[in-house]
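Asker: Got a structure for you, written out below as structure tokens; questions coming shortly.
The values are calculated or read from the model by the stated rules, or taken from the named source; none is laboratory data. Just so we're clear, the structure is a prediction, and the values are computed from it rather than from any experiment. Note: ideal-geometry Cβ built from the backbone for every residue, glycine included; neighbour counts use all protein chains shown. Each accessible area value is taken on the protein alone, full model and side chains, heavy atoms only, with ligands, DNA and RNA left out. Shrake-Rupley method; radii C 1.70, N 1.55, O 1.52, S 1.80 Å.
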Amino acid sequence: MFTAPARRSRSSGPLPARPLAPPPILSPTRPAKEYSMESIEQIMRHDHERLDVLLEAGAKAVHEGLWHEAADLLQRFRHGLVDAHMVVEETLLFPAFETQQGHAGLALTAILRKGHQDLRVFFLEMAEAIAARDDEEFAALLRTVRALLKQHDSKEESELYPQVAAAMPEQGRAAGKLLLSLQRATADPSAR
């Protein structure tokens, strides 16, 4: 059975392992089942956690020299983050936040958009390290990505999501539906 590190392990590497028995919303191979009763904060936090599981599973595969599995897991992580999670943020949440906050909201979303751009580059470099079977380069990139994600997720979870959820609950429902749809579109076909 795969064991995953405790939540928020991005800062300094894996924490003590615990058996992986995530609820369906955290399954690394299946998208979340239902978002209709959750706020945007809950939806996006759950998705951060689901993506953490995929990233750590990929890191474990690299550590064990399971290069094909590592490539697959990193690809699913990248698709889940870039092609689903970030799409929801960039097409629904950031514009809603900017509309709500006016000029004041632009600084935060500019920082978050820049973080998205940086992460996309690091994901490509991680894929190259896996293709080259370079575990040292992958480990260095992983440390950087964990640190970036920790800061990035913290800003989203403490500043962006609560304000959008409080002021625009309808955005939560729309974001949940879009995220679920995108997750299904980018999920591993064998997990459906």
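Asker: Of the trypsin sites (Lys or Arg not before Pro) in the range 100-160, which ones lie in a loop per DSSP and count no more than 13 other C-beta atoms within 10 Å?
Answerer: Loop-located and lightly packed - 133.
Asker: In percent, how large is the relative contact order of the range 52-192, given Cα pairs closer than 8 Å and 6 or more residues apart?
Answerer: Worked out over the range 52-192, it gives 33 percent.
Asker: Compute the FRET efficiency between residue 121 and residue 155 as 1/(1 + (r/R0)^6), taking r as their Cβ-Cβ distance and R0 = 25 Å, and round to the nearest 0.05.
Answerer: About 0.85, to the nearest 0.05.
Asker: When only alpha-carbon atoms count, how far does the range 68-186 stretch along each of its three principal axes, as whole angstroms with the largest first?
Answerer: 47, 29, 17
Asker: Through the Karplus equation 6.51 cos²θ - 1.76 cosθ + 1.60, θ set to phi - 60°, convert the phi angles of the range 109-117 into ³J(HN,Hα) values in whole Hz; use x for Gly and Pro.
Answerer: 5, 5, 5, 5, 5, 4, x, 4, 4
Asker: Please work out the average accessible area per residue across the range 77-144, using the 1.4 Å probe convention, and give it in Å².
Answerer: Per-residue accessible area for the range 77-144 comes out at 47 Å².
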